[in-house]
Structure formats: C-alpha cells, structure tokens
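Undergrad: Dropping a structure here in structure tokens format, bear with me for questions.
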Amino acid sequence: MSAREFPQAWTQAPALRGAHVTLEPLQAAHADGLRAALGDGELASFWYTNVPTPEGVERYLQSALDGQAAKQMLPFAVRTAAGEIVGTTRYYELDPTVPRLNIGYTWYAKHVQRTGLNTEAKLLLLRHAFETLGCIAVGFETSWFNHASRTAIARLGAKQDGVLRNHKRHADGSPRDTVVFSILDSEWQAVKRNLQHRLESHRHG
C-alpha cells in the first residue's frame with residue numbers, strides 16, 4: 001500500500017455509539033453546539049491546550065475538515081445520550097501502512113468532565129482503531145505542562161514512550177515539549193477490560 005492509497009475506512013469518521021455518548025463525524029453544522037460547550041468552563045484560557053475560543057470555532061472546524069480532506073485526521077463531534085453536543089475529539093496522524101493513528105484534540109464542556117462520558121468515548125475510539133481498522137498501535141500526545149491530560153492518558157492504560165523536546169508550539173507560540181504515550185495491539189484486551197470496569201464503576205458510583 002502506498003502512502004496515497006488510503007482504505008475507505010481511513011478517509012471518513014465513523015459514527016460510534018455507546019450507552020452514554022455518541023461520536024459522529026464533525027460537520028460545519030456543529031459550530032453552534034461546540035460554541036455552547038465552550039461556554040461551560042475555561043479550557044480555552046489554558047495556554048498549554050489546543051482548545052478554540054467561542055469566536056474561533058468556525059476556524060477550528062474548517063481546519064479539522066481540511067485535515068480530513070487531506071487524509072490527515074478523522075474528527076468527531078461528541079454528544080451525550082440526550083443529544084447535547086459537549087465537545088470534540090479526533091483521530092490524527094493516520095498511517096494505514098503500519099497501521100497506526102493517534103487520538104487527541106479532545107475537549108469537553110465542564111459539566112461532563114470526570115464522568116463516564118470520556119471513558120466510554122475512549123473505549124469506542126480504541127475499539128474501532130484496534131478491532132475495525134486493525135491498528136497495531138494507538139498514540140496519544142500532550143504538553144508537558146498539561147498534567148491533567150498526562151494523568152488521564154496514563155489512567156487509560158497507555159504507557160509513556162518518552163518526551164519530544166521543543167517538538168511543537170503551544171497556542172501562544174511558546175515551544176512545547178510533547179509527552180508521548182501509546183497502547184499496543186498486544187495490550188488492547190487488558191486496556192479494554194480496564195475501561196469497561198471503569199465504566200461500570202461510573203454507572204454504580
């Protein structure tokens with residue numbers, strides 16, 4: 001397979017549905033819902049995150065859709081079971097020749113953070129990556145300074161691979177040291193059990 005020969009499943013974000021969350025292909029029509037989600041919390045104010053301001057939602061959406069058209073990413077809108085748009089996430093750095101991809105660009109409205117919603121969203125994304133796309137590894141990246149994100153990624157069961165110094169830039173232009181994590185296909189069954197257990201704990205918590 002050449003770098004340009006992407007299988008169809010790698011060119012369009014799927015709809016992934018769970019009991020608490022639905023991930024659907026991101027569209028320009030999601031702008032108002034994402035803007036409302038950004039009004040709940042202060043994620044866009046953290047200099048080390050890649051979260052748009054309410055005024056920057058259209059630009060953020062267009063960049064994500066351009067990335068999909070270029071076969072670089074598959075972006076999703078995140079809905080609750082009640083249908084409320086509460087954030088977004090995506091696959092990126094797609095490489096079906098390995099096959100491998102990263103999960104990231106994830107942010108949620110404050111009222112659904114630290115709930116079972118993110119646990120189930122990650123379970124759906126990882127299951128599709130490993131069991132449908134056949135990935136042999138799934139990566140995660142975050143800023144050195146984003147301690148909450150680093151903790152959350154490790155809690156999934158991902159292992160830290162290392163730190164890439166001055167790897168990218170933060171939204172404010174400052175150099176970013178990127179902490180890199182991954183889950184291998186040989187680890188997926190244990191990670192899946194861990195996420196399913198955590199989801200049950202949320203249900204009965």
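We did not get these values from a lab; they are worked out from the coordinates using the rules stated. Note that the structure is predicted; figures quoted are calculated from it, not measured. Positions of Cβ are backbone-derived with ideal geometry, glycine not excepted, and every protein chain shown enters the neighbour counts.
Undergrad: Using amide H atoms built in the peptide plane, which far-off residues or other-chain residues are under 5 Å from Asp177 H to H?
TA: Trp144, Asn166, His167
Undergrad: Determine which lysines satisfy two conditions relative to Lys71: a Cα distance under 25 Å, and not lying fewer than 8 residues away in the same chain.
TA: Candidates past the 8-residue exclusion: Lys122, Lys168.
Undergrad: How much length would be gained if the chain were fully extended between His147 and His202, taking 0.36 nm per residue of separation minus their Cα-Cα distance, in nm to one decimal?
TA: On the way: separation 55, 0.36 × 55 = 19.80 nm, distance 2.24 nm.
Separation in residues times 0.36 nm, less the Cα-Cα distance, equals 17.6 nm.
Undergrad: Out of the GluC sites (Glu not before Pro) in the stretch 22-82, which ones are loop residues according to DSSP with at most 13 other C-beta atoms within 10 Å?
TA: Details: sites: Glu42, Glu55, Glu58; in loops: Glu42.
Qualifying residues, ordered by number: Glu42.
Undergrad: What span do the alpha-carbon atoms of the chain cover on each of the three principal axes, reported in whole Å from largest to smallest?
TA: Reported extents, whole Å, longest axis first: 42, 40, 33.
Undergrad: Rounded, prolate or oblate for the stretch 99-205? Axes are the square roots of the Cα gyration tensor eigenvalues, ordered a ≥ b ≥ c, and the cut-off for rounded is a/c under 1.5. Present the calculation step by step, with values, prior to reporting the outcome.
TA: Numbers: a/c = 2.09, a/b = 1.30, b/c = 1.62.
Taking the square roots of the gyration eigenvalues as a ≥ b ≥ c, the stretch 99-205 is oblate.
Undergrad: Cα centroid distance between the stretch 66-95 and the stretch 125-170, in Å?
TA: 16 Å
Undergrad: Right, here's the next one. Charges on Cβ only, +1 for Lys and Arg, -1 for Asp and Glu, centred on the Cα centroid of the chain; of His20, Leu156, Phe76, which one is farthest towards the dipole's positive end?
TA: Leu156
Undergrad: For Tyr105, Tyr91, what's the fewest-to-most ordering of other Cβ within 10 Å of each Cβ? Show your work: numbers first, answer last.
TA: Working: Tyr105 21, Tyr91 25.
Least to most surrounded, the residues fall as Tyr105, Tyr91.
Undergrad: Can you figure out the FRET efficiency of Glu55 with Ser186, using R₀ = 45 Å and their beta-carbon distance, to the nearest 0.05?
TA: Working: r = 44 Å, r/R0 = 0.99.
With R0 = 45 Å, the Cβ-Cβ based efficiency is 0.50.
Undergrad: Still on this model: Compute the label zone of Thr115 within the stretch 46-89: residues whose backbone N is under 14 Å from the point 7 Å along Cα-to-Cβ.
TA: The answer is 78-88.
Undergrad: Quick one: dipole size for the stretch 11-204, taken about the Cα centre, charges +1 on Lys/Arg Cβ and -1 on Asp/Glu Cβ, in debye to the nearest 20.
TA: Details: 22 positive and 19 negative charges, 90 e Å.
Charge dipole, the stretch 11-204, about its Cα centre: 440 debye, nearest 20.
Undergrad: Please work out how much length the chain gains when fully extended from Glu42 to Asp95, using 0.36 nm per residue of separation minus the C-alpha to C-alpha distance, in nm with one decimal.
TA: Numbers: separation 53, 0.36 × 53 = 19.08 nm, distance 3.32 nm.
Contour length minus Cα-Cα distance gives 15.8 nm.
Undergrad: Same structure, new question: Tell me, in nm to one decimal, what length is gained between Lys168 and Ala70 on full extension, where the rule is 0.36 nm per residue of separation less the Cα-Cα distance? Provide the component values of the computation, followed by the final result.
TA: Working: separation 98, 0.36 × 98 = 35.28 nm, distance 2.02 nm.
Extra length available between Lys168 and Ala70 comes to 33.3 nm.
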